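Input: a single structure, listed below in structure tokens.
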Amino acid sequence: MTEHEILALLNGIRLLADEIPFDIQEINKLGLIKKELGLNNYNCLRCGNNDKNKFGKHFCLRCNNICYYCKNCIMMGKLSSCSELYSGPSTNTLEPTNKNYLNYDGEFTDEQKTASTKVIETIKQKSQLLIWAVCGAGKTEIIFPGLNFALQKGLNICLATPRTDVVHELTPRLKKAFPEIEITSLFGGSENKYKNSPITISTTHQLLRFYKKFDVLILDEIDAFPYNYDKSLQYAVNNARKDDSTFIMLSATPPNSINYNQQINKVIIPKRYHGNPLPLPKLEWIGDWEKSLLTKNNVPKKLQDFIEHSIREGRKPIVFVPNIPIGSVLQDKISESKFVYSSHENRKRIVEEFKEGKLKCLITTTILERGVTIPFVDVAVLGADDEIFNETALVQIAGRVGRKKEDTSGRVIFFHNGKTNEILKSIKHIKKINRLGGFE
Amino acid sequence: MICLYCLKNYNMEVTWTTIFKPGRKGLCSECCSNLEPIREETCEKCGREYDEQWFDNKHICTDCVAWENHPNYKEVKIKNTSIYKYNNFAKEFVAKWKYRGDYELIYAFSDEIKKTYKSKYKKVDYIITIPLSTERSYERGFNQSEAIAKIMDQKKTLKVLKKNETNKQSKKKKLERIHSENPFIMTGVKSTIDKKVLIVDDIYTTGTTMYQISKILYEAGASEISTFALFRG
Ligand SMILES: [Zn+2]
Ligand SMILES: [Zn+2]
Ligand SMILES: [Zn+2]
């Protein structure tokens, strides 16, 4: 074990003694390594849990005492009152340079240009920025010049997203845009563990082990499940950032808490990059379809028509369903269709098959509501009145349609058994965005 | 209420038990539904639920028949009781409890363990717990067998066994040892003479541990030996 190895392992990373394969006595001698107790009363230093109900206690054979432990983050390795967390300083991998790292020749619209300038300013000022970009505004591309600027300054960058799917989508795009830069992707079950690369793409969950690592942290889809309600993930984001750092949030449907926060600068991109408005969903009442589907296996006639019509026109229909039983029944009843949901093992492959046209129709739960771009899709929501489809989800789902230049049309239909407030709010939301974008 | 296992909030039905025992910890209905209690018809020896694939006759399962023919354990009679089947959920549950170290998960079974203890083992003199090696004790921070014994009756709990950790031998030799030698040693030899004892563990899979310890206790003069394992694999 050398000092160099320890500093490399704990480079902006905080670990339990159990996770460190070196002699702890030796580590304690190193001045640069910080040692902290993992729990402070009912406060978990690693995940931020401070809910009394999410701690346990027992007589601990390690410290021969009654010991508390955090249940919230126990799957990352048990953190008890007698556990210590070790962390080291974060170092940067790139030397400052004037060299251009960006390999991207796409044209920016005026709105995109304004936003990307804002990103660079925010990085210079180490401040906070919200980019409110309508679905299909090309928000990933907007940050490219900013990333290039940060790389030139030799800064540590992290792109965090609540969803594993989005990590998979972003990684190849960023590798293509920055071919010389080493990129580490982290998600549950990934093998690429905590390397010290200039760019890290990570699920918000995997951020929990970082400690004051990043100069620039970009958080995608701040409104998305599960970040909007899991405060331990917010805690992780704040821990992963250096004290003096840039924080940029991206969203198509920002929550009010961030939208109205005075400390966060804002830039809005109401137009899609191809200059067309968001498609306005059509509402179709189909009565008590659920009972008839689950008891008699009857697929609603209007949904059948929608799928057939879409396929006949050479398009790709996606049907969003509120739960797994409904999706499973539909898959059996609709020919050449497949159903994907979050715990489905072949989910990535099925989505690929659908993109390639090997599947006629895709049925999905809300897991595909974001981040997936497939040209020539039409979208139906079966049971748009179900409580799982809130305003945000419905706006996101409508945003799946017409994302590519070569396909700006495409239909969105919300099938329901009674208009909910959320349905009406989503329609209002889309109309407002289109108005801001100059469409009446 | 927060479910002990999945930490989700759930509504507990208000019953007499919940009124008299506020703050009682439990599982949500979804986690509960994943547990499979062992039904009444079981192997007379190991407590495994009757299932054609494991039984040549109605009374004793094929595993237990094999143990009857084992030269080292001829004199050992096993009488085991288990509450749940060791299904996939139970495996994940035990992994989180024992290996991840979420000690309090065992409280999900407090009522069932107490119920079984009161109905079957009221007359035992001692509850014998199964020792861990020093290394395992440190790794886990607790002993799973002691955690269950504590729920039954801590006053009757007796720690008279030790895990033999003497010589480091090569892997091949270790394998040989498993078949021939007993890894447990008795430390308080006289305490169990003419006593009724209950051996307690979390899982009964092959039965090896229960047979090894039963044999030691039998040789130490215990008058009656029974075993309890929360799960039967
Ligand atoms: Zn924690
Ligand atoms: Zn302890
Ligand atoms: Zn048996």
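The values are calculated or read from the model by the stated rules, or taken from the named source; none is laboratory data. The model shown is predicted, which means the values in this text are computed figures rather than measured ones. All Cβ positions, even for glycine, are placed from backbone atoms using ideal geometry, and neighbour counts span all protein chains on display. The protein model used for the area step is the full one, side chains on, heavy atoms only, and it has no ligands, DNA or RNA in it. Shrake-Rupley method; radii C 1.70, N 1.55, O 1.52, S 1.80 Å.
Cα centroid separation, the stretch A:267-330 to the stretch A:40-76: 46 Å.
With only Lys, Arg, Asp and Glu charged, each at its Cβ (+1 for the first two, -1 for the last two), find how big the charge dipole of the protein assembly as shown is about the Cα centre; round to the nearest 20 debye. Intermediate results must be reported in sequence, preceding the final value.
Working: 102 positive and 81 negative charges, 224 e Å.
Value, rounded to 20: 1080 debye.
According to the Cα gyration tensor, what semi-axes, each the square root of 5 times an eigenvalue, does the equivalent ellipsoid of the stretch A:3-87 have, listed from largest to smallest in whole Å?
Details: eigenvalues 120, 39, 20 Å².
Semi-axes, largest first: 24, 14, 10 Å.
Remark: the stretch A:213-327 carries a charge dipole of roughly 320 debye about the Cα centre, counting +1 on each Lys and Arg Cβ and -1 on each Asp and Glu Cβ.
Between amide H atoms placed 1.01 Å from N, distances below 5 Å from A:Thr246 occur with A:Val216, A:Leu217, all of them 5 or more places distant or on a separate chain. Entry note, chain A: relative contact order of 15 percent, from Cα contacts under 8 Å with a spacing of 6+ residues. All Cα-Cα separations within the stretch A:110-269 were binned at 5 Å from zero, giving a P(r) of 2, 9, 20, 24, 24, 15, 5, 1, 0, each value a whole percent of the pairs.
Normalising the average separation of contacting C-alpha pairs (under 8 angstrom, six or more residues apart) by the number of residues puts the relative contact order of chain B at 22 percent.
If you roll a 1.4 Å probe over the stretch A:110-269 with all protein chains in place, what percent of the accessible area is carbon or sulfur?
Details: 2850 of 5950 Å².
The nonpolar share, carbon plus sulfur, comes to 48 percent.
Taking θ as phi - 60° and the Karplus parameters 6.51, -1.76 and 1.60, the scalar couplings of the stretch A:29-40 work out to 7, 7, x, 6, 8, 9, 10, 9, 6, x, 10, 10 Hz in sequence order, x denoting glycine and proline.
For chain A, what does the helix formula give at 222 nm: sum of -39500 (n - 2.57) over DSSP H segments with n ≥ 4, over the residue count, nearest 500 deg cm²/dmol?
On the way: 13 runs with 133 residues, N = 440.
Using -39500 (n - 2.57) per qualifying helix, the result is -9000 deg cm²/dmol.
Distance check, please: which entries in A:Lys139/A:Lys419; A:Lys212/A:Lys355; A:Lys195/A:Lys231; A:Lys118/A:Lys175; A:Lys71/A:Lys139; A:Lys113/A:Lys432 exceed 28 angstrom between their Cα atoms? From the list (A:Lys139/A:Lys419; A:Lys212/A:Lys355; A:Lys195/A:Lys231; A:Lys118/A:Lys175; A:Lys71/A:Lys139; A:Lys113/A:Lys432), the Cα-Cα distance tops 28 Å for A:Lys139/A:Lys419; A:Lys212/A:Lys355; A:Lys71/A:Lys139. With all protein chains in place and a 1.4 Å probe, the accessible surface of chain B carries 50 percent carbon and sulfur.
Take every pair of alpha-carbon atoms less than 8 Å apart whose residues are at least six positions apart; their mean separation over the length of the stretch A:352-440 yields a relative contact order of 30 percent. What a 1.4 Å probe finds exposed on the stretch A:3-87 is 48% carbon and sulfur by accessible area, rounded to a whole percent.
Residues with beta-carbon under 12 Å from that of B:Thr209, excluding B:Thr209: net charge, scoring Lys, Arg +1 and Asp, Glu -1? Display every interim value, and only then the final one.
Working: positive: B:Lys163, B:Lys215; negative: B:Asp201, B:Asp202.
Net charge around B:Thr209: 0.
Backbone geometry of the stretch B:224-231 corresponds, through the Karplus equation with coefficients 6.51, -1.76 and 1.60 at θ = phi - 60°, to 3J(HN,Hα) couplings of 8, 10, 10, 10, 10, 9, 4, 10 Hz, x marking Gly and Pro. When accessible surface is computed with a 1.4 Å probe, chains A and B are found to bury approximately 1500 Å² between them, both chains counted.
Do the sum for chain B: with -39,500 (n - 2.57) for every DSSP H run of n ≥ 4, divided by all residues, what is the mean residue ellipticity at 222 nm, to the nearest 500 deg cm²/dmol? Kindly include the intermediate steps, with their values, before the conclusion.
Working: 9 runs with 74 residues, N = 233.
Rounded to the nearest 500, it is -8500 deg cm²/dmol.
Just add up the charged neighbours of A:Ile248: K/R +1, D/E -1, any other residue whose Cβ is under 13 Å from the Cβ of A:Ile248. Summing Lys/Arg as +1 and Asp/Glu as -1 gives +2.
What does the C-alpha gyration tensor say about the overall shape of the stretch B:34-232? Classify as rounded when a/c is under 1.5, otherwise prolate if a/b is larger than b/c, or oblate. Rounded.
The residues of the stretch A:46-63 occluded by other protein chains by 50 Å² or more of accessible area, set against the chain on its own, are A:His58, A:Leu61, A:Arg62; surface from heavy atoms, 1.4 Å probe. The local environment of A:Ala137, defined by Cβ-Cβ distances under 10 Å, has a net charge of +2 under the rule Lys, Arg +1 and Asp, Glu -1.
What accessible area per residue comes out for the stretch A:220-312, rounded to a whole number of Å², with a 1.4 Å probe?
Values: 4800 Å² over 93 residues.
On a per-residue basis, the stretch A:220-312 sits at 52 Å².
3J(HN,Hα) along the stretch B:208-217: 3, 4, 4, 5, 4, 6, 4, 4, 4, 5 Hz, from the Karplus curve 6.51 cos²θ - 1.76 cosθ + 1.60 with θ = phi - 60°, whole Hz, x for Gly and Pro. Remark: the stretch B:34-232 carries 54 Å² of accessible area per residue (probe radius 1.4 Å; ligands, DNA and RNA excluded).
Projecting the Cα atoms of A:Leu170, A:Leu186, A:Leu155 onto the charge dipole of the stretch A:110-269 (Cβ charges, centred on the Cα centre) puts A:Leu155 farthest toward the positive pole.
Beta bridges assigned by DSSP with both partners in the protein assembly as shown are antiparallel in approximately 25 percent of cases.
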